[in-house]
Amino acid sequence: DVKVTQSSRYLVKRTGEKVFLECVQDMDHENMFWYRQDPGLGLRLIYFSYDVKMKEKGDIPEGYSVSREKKERFSLILESASTNQTSMYLCASSSRGRPVQYFGAGTRLSVL
Amino acid sequence: DQQVKQNSPSLSVQEGRISILNCDYTNSMFDYFLWYKKYPAEGPTFLISISSIKDKNEDGRFTVFLNKSAKHLSLHIVPSQPGDSAVYFCAAVIIQGAQKLVFGQGTRLTINP
């Protein structure tokens, strides 16, 4: 089974803090994605990556950055957390050429 | 610009009956469609998919129908079971493109005993 592991299930941070969300997949997938889920808005794509050291902006990249130094790991960085970044963050991975994405359990981030 | 829409935020169905979840899209370039199921505090799990060259795909109790001319797809669950209570997301993608999934807003399905 594909396993996508997100390092934290719940996080509470203060406004202005730098926040790192980590994601690791064990299926040698080329593609990795970061989404946020908010009520009534569905899943919105923040950033994605097709390969190591490559990244592409999604639909809502403002206030976020990413890092992919190894194929299995994709990190989401909030440079200076703000209250409007309180959300559920979901990481996903997929194999090149296959559209099905596999998701981690999510990190619920609260910024106070 | 919401390219994929699920117009029903919630749906309540009696156990044993059919659940029908609907999804509309606007981009005619989408050529593959997926349904995901999400329980609270868990990530979405893939349920079933359909290519635009088909109009129906069935997997056990789950069937997805695609009407390309209407840009509409639906997920049928028969018979509905209490464990089906979850949020369901439809998603669409252009296979030869960036393979970014575009998700709908989700529909919360509640199965009543």
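Data overview
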item	result
Amide H contacts of B:Cys23 (H built 1.01 Å from N, under 5 Å, at least 5 apart or other chain)	B:Leu73
Phi-based couplings in Hz for segment A:61-67 (Karplus 6.51, -1.76, 1.60; Gly and Pro marked x)	x, 4, x, 10, 9, 9, 9
Distance between modelled label sites at B:Glu58 and B:Asn112, nm, 7 Å Cα→Cβ extension	2.9 nm
Between B and A, accessible area buried - total, square angstrom, nearest 100, 1.4 angstrom probe	1700 Å²
Nearest-20 debye value, chain B charge dipole, Cβ charges on Lys, Arg, Asp, Glu	80 debye
Shape call, segment A:4-111: gyration tensor on alpha carbons, a/c limit 1.5	prolate
A:Thr86 versus A:Ser110: modelled label distance in nm, points set 7 Å from Cα along the beta carbon direction	0.8 nm
Mean accessible surface per residue for segment A:4-111, computed with a 1.4 Å probe while every protein chain stays in place, in Å²	46 Å²
Within-9-Å neighbourhood charge of B:Ala41 [Cβ basis; K, R +1; D, E -1]	+1
Residue with peak Gaussian network fluctuation, chain B [Cα springs, cutoff 10 Å], from B:Gly43, B:Gly60, B:Gly83	B:Gly60
Placed amide H near B:Ile94: partners under 5 Å, 5+ positions off or other chain	B:Asp31, B:Gln99, B:Lys100
Spin-label model distance (nm) - A:Val12 vs A:Ser95, 7 Å beyond Cα toward Cβ	4.2 nm
Positive-pole candidate from B:Pro82, B:Gly43, B:Pro9, dipole of segment B:4-112, charges at beta carbon	B:Pro9
Listed residues A:Arg96, A:Arg36, A:Arg44, most fluctuating in chain A (Gaussian network, C-alpha, under 10 Å)	A:Arg96
Test item: A:95-103 mean partner chain Cβ contacts at 10 Å	6
B:Arg17-B:Ile94 FRET efficiency (beta carbon distance; Förster radius 25 Å; 0.05 resolution)	0.10
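The values are calculated or read from the model by the stated rules, or taken from the named source; none is laboratory data. All of these numbers come straight from a predicted model, not from anything done at the bench. All Cβ positions, even for glycine, are placed from backbone atoms using ideal geometry, and neighbour counts span all protein chains on display. We work out accessible area using only protein heavy atoms, side chains counted, and drop any ligands, DNA or RNA first. Shrake-Rupley method; radii C 1.70, N 1.55, O 1.52, S 1.80 Å.
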